[in-house]
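Remarks on the structure that follows.
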Amino acid sequence: MKNVSVIGAGTMGNGIAHLFAQNGFKVTLIDISLHQLNKALETISKNCDRQVAKNILTENQKRSLLANIAIESDLDEGVRHAELVVEAATENTELKLNIFKEIDEAAPKHAILASNTSSISITKIAKATHRDNQVIGMHFMNPVPVMKLVEVINGYSTSKEVTNTIVELSKQLGKVPCVVNDYPGFIANRILMPMINEAIYSLFEGVAGVEEIDTVMKLGMAHPMGPLQLADFIGLDVCLSILNVLHDGFGNAKYAPCPLLVNMVTAGKLGCKSGEGFYAYAAGSKDLIVSERFK
Ligand SMILES: NC(=O)c1ccc[n+]([C@@H]2O[C@H](COP(=O)([O-])OP(=O)(O)OC[C@H]3O[C@@H](n4cnc5c(N)ncnc54)[C@H](O)[C@@H]3O)[C@@H](O)[C@H]2O)c1
């Protein structure tokens, strides 16, 4: 396998393109937005500089990494020579089904089609194609070049051969693959999101404050970051949408999102990306300051 196409040049897409290019693959990075494509190239270059400063890459390796990435705004053209497509476009079911329908037509028949979705059913995505045995989940974590895990998700019809190929490929990229089956939230979010939701419920019910909840989990459970800070980092809208997937998918009230989370998303308090969530984020500052709302 040599040619990889990555769809979506946002947070995850630029990291995935970086990782494959660093490992010698020829990457075509595809996005409908030229602005996003150029921004992704800038981010990748800056992240390479950081790796050079840490002696992870040499200047020469940085040059060949960047030379391995081409950008493309036409989806059909971008996947024409792909042996593997990794889709990392916006988390929206209709959008992903349309993308998979289109790439099924345009990509070579032998190509494996993977999705980096956090929560949408791989089986559903696979049914939008005529090669459901060649569709799989390849769930990278943010930031992609740093985080070791790839959650490999078998759709209902994914073939063993395709799973093995993706497992071996993940190892070749220096990652640790874990194979799981396609049920709501897979494993990562099925376990993580109820914990985050419970932390929000604890705040909502006045059991403890933001700092106390995060400190208990950091110092008591050795988590590198508390659940409320992590929720801000992931994006509260993303947390809400994954909880809704779990709630709808299992029909179990234990996954119902906390009303405080729903309120915060409605109010546009989405965490780091909007400047405020459980904490307030000042531009250029890394200080962790609890939002006025929770003091
Ligand atoms: N952000 C995370 O921490 C994280 C972690 C794991 C998985 N994911 C998953 O990765 C995927 C991408 O998330 P993200 O955070 O990078 O999103 P993002 O919003 O940063 O980027 C999405 C990109 O997709 C592009 N896009 C939208 N429609 C497109 C189309 N039709 N064709 C090509 N490009 C299109 C957008 O222009 C945008 O650049 C989602 O499925 C998400 O659930 C995200």
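Things worth noting here:
- Taken over the alpha carbons of the stretch 203-277 as equal point scatterers, the Debye sum produces base-10 log I(q)/I(0) values at 0.15, 0.23, 0.25 Å⁻¹ of -0.55, -1.12, -1.19.
- Using a probe of 1.4 Å, the accessible surface attributed to His110 totals some 120 Å² when neighbouring protein chains are kept in position.
- Considering only Phe25, Phe186, Phe140, the Gaussian network model of the chain with Cα springs below 10 Å gives its largest mean-square fluctuation to Phe25.
- At a probe radius of 1.4 angstrom, the accessible area of the chain per residue rounds to 49 square angstrom.
- Under a 5 Å amide H cut-off, with hydrogens placed 1.01 Å from N, Tyr281 pairs with Glu276 among residues at least 5 apart or on other chains.
- Beta bridge orientation in the chain: antiparallel %, DSSP, nearest 5: 25 percent
- In the chain, the longest principal axis of the Cα atoms and the axis of helix 11-22 are about 40 degrees apart.
- Listed by chain and number, the aspartates and glutamates whose alpha-carbon sits under 19 Å from that of Lys26, ignoring those within fewer than 8 places in the same chain, are Glu42, Glu59, Glu72, Asp74, Asp76, Glu77, Glu83, Glu87, Glu168.
- Cross-link table Lys160/Lys269; Lys96/Lys160; Lys124/Lys171, entries beyond 32 Å C-alpha to C-alpha: Lys160/Lys269
- Near Leu37, once Lys and Arg are set to +1 and Asp and Glu to -1 for all other residues with Cβ below 9 Å from its Cβ, the sum equals -1.
- At q = 0.07 Å⁻¹, base-10 log of I(q)/I(0) for the chain (Debye sum, equal scatterers on each alpha carbon): -0.28
- Estimated from helical segments only, the mean residue ellipticity of the chain at 222 nm is -14500 deg cm²/dmol, where each DSSP H run of four or more residues counts as -39500 (n - 2.57).
- Contour minus Cα-Cα distance for Val262 and Asn164 (0.36 nm per residue): 31.3 nm
- Highest-MSF residue in the chain out of Ser202, Ser285, Ser73 [GNM, Cα springs under 10 Å]: Ser285
- Sequence-ordered 3J(HN,Hα) estimates for the stretch 173-186 from the Karplus curve with 6.51, -1.76 and 1.60 and θ = phi - 60° stand at 7, x, 9, 10, x, 10, 8, 9, 9, 8, 10, x, x, 6 Hz, glycine and proline given as x.
- Taken one residue at a time, the phi angles of the stretch 66-81 give Karplus couplings (6.51, -1.76, 1.60, θ = phi - 60°) of 5, 5, 7, 10, 10, 10, 8, 9, 9, 4, 4, 5, x, 9, 4, 10 Hz. Gly and Pro are set to x.
- Solvent-accessible area of Lys39 with every protein chain in place, 1.4 Å probe, in Å² to the nearest 10: 100 Å²
- Spacing of the two label points (7 Å from each Cα toward its C-beta) at Lys286 and Lys273, in nm: 2.2 nm
- Measuring max minus min along each principal axis, the C-alpha atoms of the stretch 1-84 give extents of 38, 28, 17 Å (largest first).
- C-alpha center-to-center spacing [the stretch 31-75, the stretch 215-270] in angstrom: 32 Å
- Shape descriptor for the stretch 1-144: Rg over Rh equals 0.97 (Cα atoms; Rh from the Kirkwood inverse mean 1/r).
- In the chain, the portion of solvent-accessible area held by carbon and sulfur atoms comes to 54 percent [1.4 Å probe, whole percent, DNA, RNA and ligands not counted].
- Within the listed set Gln51, Gln36, Gln229, the Gaussian network model of the chain (springs between alpha-carbon atoms below 10 Å) gives the highest mean-square fluctuation for Gln51.
- Dividing the Cα radius of gyration of the stretch 62-161 by 2.2 N^0.38 Å, with N the residue count, gives 1.08.
- Cα-centre dipole for the chain with unit charges at Cβ (Lys and Arg positive, Asp and Glu negative), debye to 20: 660 debye
- Taking 7 Å steps out from each Cα toward its Cβ at Leu149 and Cys178 produces label points 0.4 nm apart.
- Linear extension gain, Lys218 paired with Glu59, 0.36 nm per residue minus alpha-carbon span: 53.5 nm
The values are calculated or read from the model by the stated rules, or taken from the named source; none is laboratory data. The shown structure was predicted, so the numbers you read here are calculated from the model rather than taken from an experiment. With ideal geometry, Cβ positions are generated from the backbone for all residues, glycine too; neighbour counts draw on all protein chains shown. Ligands, DNA and RNA are stripped out before the accessible areas are found, and what is left, the full protein with its side chains, is counted by its heavy atoms. Shrake-Rupley method; radii C 1.70, N 1.55, O 1.52, S 1.80 Å.
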